[in-house]
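The values are calculated or read from the model by the stated rules, or taken from the named source; none is laboratory data. Here the structure is a predicted model, which means the values were calculated and not measured. Quick reminder, even Gly has a Cβ in these numbers, built from the backbone with ideal geometry, and neighbours come from all protein chains shown.
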Amino acid sequence: MTGTVKKKMEKGFGFIASPELEKEIFFHMNNLVDVTFDQLQEGDTVTFDVDENGKKGPAAINVKLADAQA
């Protein structure tokens, strides 16, 4: 899936909005691939997979900057 980083919290997590999902999806810095949490910015386009079995519901995993896909 593709989405946009909407919020990035200082505690190491944030939320991604995607036109494919009804609401924003949670991500944790431990699920970033080839990018650090500090490098990721609000508004960045990312690709990700969805883990339906997250602790508090669906969560984004394997989060990568979309440009890194090239």
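Selection of the range 32-48 for residues being among the polar types (S, T, N, Q) and either farther than 16 Å from Val5 by Cβ or surrounded by 11 or more Cβ atoms within 10 Å (Cβ to Cβ) (or both) yields Thr45, Thr47. Taking every residue in the range 5-29 that is in contact (Cβ under 8 Å) with a residue 40 or more places away in the chain and pairing it with any residue that is aromatic (Phe, Trp, Tyr) and surrounded by 14 or more Cβ atoms within 10 Å (Cβ to Cβ), at least 6 positions away or on another chain, the pairs with Cβ-Cβ distances below 7 Å are Ile16/Phe27; Ile16/Phe48. All conditions but one from (1) at pLDDT 95 or above; (2) surrounded by 11 or more Cβ atoms within 10 Å (Cβ to Cβ); (3) within 16 Å of Thr2 (Cβ to Cβ); (4) more than 10 Å from the chain's Cα centre (by Cα) apply to Asp51; the one that does not is (3).
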